[in-house]
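**Q** For reference, the structure I am asking about is given below.
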């Protein structure tokens, strides 16, 4: 009898998920995104409900979860399908997203400040696009974020200090952009940051300025600063980063 309980639980969960309605806000947002994407994505998005309805499965790349009496979109993964055009701003209406992966497409223009609305987002992967302009300060409102992948774009301006207000951040990839100015020393206050890659930008300053805060980067293992305009060499103080394995 006890062996049947897991199966019963799984069946009940599946039945609840399939019989529940998808939150109208998410249906509207996904249909707006659908209207803005190219045929490579749209051809696989059939039916009126992105979470699936009756005989139709969820749309490709869309993951839904049950929240109360409704299904909500928690993950959106649409990558390597040559999406062309600006970042689809309707994505920022999917307020329950925990993962957003649009990497290896041809997205252009800025990351909109509305990105800060995605309070539950843990993983944001936008690398290998053609995104431009400055990284909005609102990125600092994503307090649940653990992984931020923005490498291989054309983002410019200074790296925002607001990134240092993300308490859960573990992986920060800003490689191969056009960031300028100094690397914010405030990043050293991120207690869980393990990997920091800011290589191949236009950054200036010294490593000593980056690690000037006492007790900085307590969890950092990998630090990539290559191909910038940093001066001053490698300071002896770097030895205080006891977990550092790669520089």
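The values are calculated or read from the model by the stated rules, or taken from the named source; none is laboratory data. Given the structure is predicted, the values throughout are model-derived calculations rather than measurements. Every residue, glycine as well, gets a Cβ built from its backbone with ideal geometry; the counts of neighbours run over all protein chains shown.
**Q** Of everything in the range 224-240, what is farther than 11 Å from residue 182 by Cβ, surrounded by 15 or more Cβ atoms within 10 Å (Cβ to Cβ) and out of contact with any helix residue (DSSP H, G or I) (no Cβ under 9 Å at 6 or more places or on another chain)? Give them in sequence order.
**A** 224
**Q** All but one of (1) surrounded by fewer than 20 Cβ atoms within 10 Å (Cβ to Cβ); (2) closer than 21 Å to residue 179 by Cβ; (3) within 13 Å of the chain's Cα centre (by Cα) hold for residue 145; which doesn't?
**A** It is condition (1) that residue 145 fails.
**Q** Applying the selection to the range 114-132, what residues are assigned to a loop (DSSP other than H, G, I, E, B) and under 20 Å from residue 86 (Cβ atoms)? Spell out the reasoning first.
**A** Narrowing the range 114-132 to residues assigned to a loop (DSSP other than H, G, I, E, B): 118-122, 126-129.
Across the range 114-132, the qualifying residues are 118, 121, 126, 127, 128, 129.
**Q** So how many residues does the range 79-94 have that are in contact with a strand residue (DSSP E or B) (Cβ under 7 Å, 6 or more places away or on another chain) and part of a loop (DSSP other than H, G, I, E, B)? Lay out the reasoning, then the answer.
**A** Taking the range 79-94 and keeping what is in contact with a strand residue (DSSP E or B) (Cβ under 7 Å, 6 or more places away or on another chain), we get 79, 82-87, 91, 94.
Retained after the next criterion (residues that are part of a loop (DSSP other than H, G, I, E, B)): 79, 82-83, 87, 94.
Number of matching residues: 5.
**Q** Checking the conditions here, which among 123, 115 is farther than 18 Å from residue 195 by Cβ, crowded, with 18+ Cβ neighbours inside 10 Å and in contact with a strand residue (DSSP E or B) (Cβ under 9 Å, 6 or more places away or on another chain)? Show your work before the answer.
**A** Values: 123 fails: farther than 18 Å from residue 195 by Cβ.
Sole residue among the options that is farther than 18 Å from residue 195 by Cβ, crowded, with 18+ Cβ neighbours inside 10 Å and in contact with a strand residue (DSSP E or B) (Cβ under 9 Å, 6 or more places away or on another chain): 115.
**Q** Pick from 76, 97, 107: which is outside any strand (DSSP E or B), touching a residue at least 24 places away in the same chain (Cβ under 8 Å), under 19 Å from the mean Cα position of the chain (by Cα) and surrounded by 20 or more Cβ atoms within 10 Å (Cβ to Cβ)?
**A** Details: 76 fails: outside any strand (DSSP E or B); 107 fails: outside any strand (DSSP E or B).
After applying the criteria, what remains is 97.
**Q** Oh, and also: Counting only residues that are touching a residue at least 24 places away in the same chain (Cβ under 8 Å) and part of a loop (DSSP other than H, G, I, E, B), which one in the range 37-53 is nearest to the chain's Cα centre (by Cα)?
**A** Only one residue fits best here, namely 37.
**Q** Also: Out of curiosity, is residue 130 closer than 24 Å to residue 240 by Cα, surrounded by fewer than 17 Cβ atoms within 10 Å (Cβ to Cβ) and at pLDDT 95 or above? Steps first, answer last, please.
**A** On the way: closer than 24 Å to residue 240 by Cα: no; surrounded by fewer than 17 Cβ atoms within 10 Å (Cβ to Cβ): yes; at pLDDT 95 or above: yes.
For residue 130, the condition - closer than 24 Å to residue 240 by Cα, surrounded by fewer than 17 Cβ atoms within 10 Å (Cβ to Cβ) and at pLDDT 95 or above - is not met.
**Q** State the number of residues belonging to the range 19-36 that are at pLDDT below 95, outside any helix (DSSP H, G or I) and surrounded by 14 or more Cβ atoms within 10 Å (Cβ to Cβ).
**A** 1
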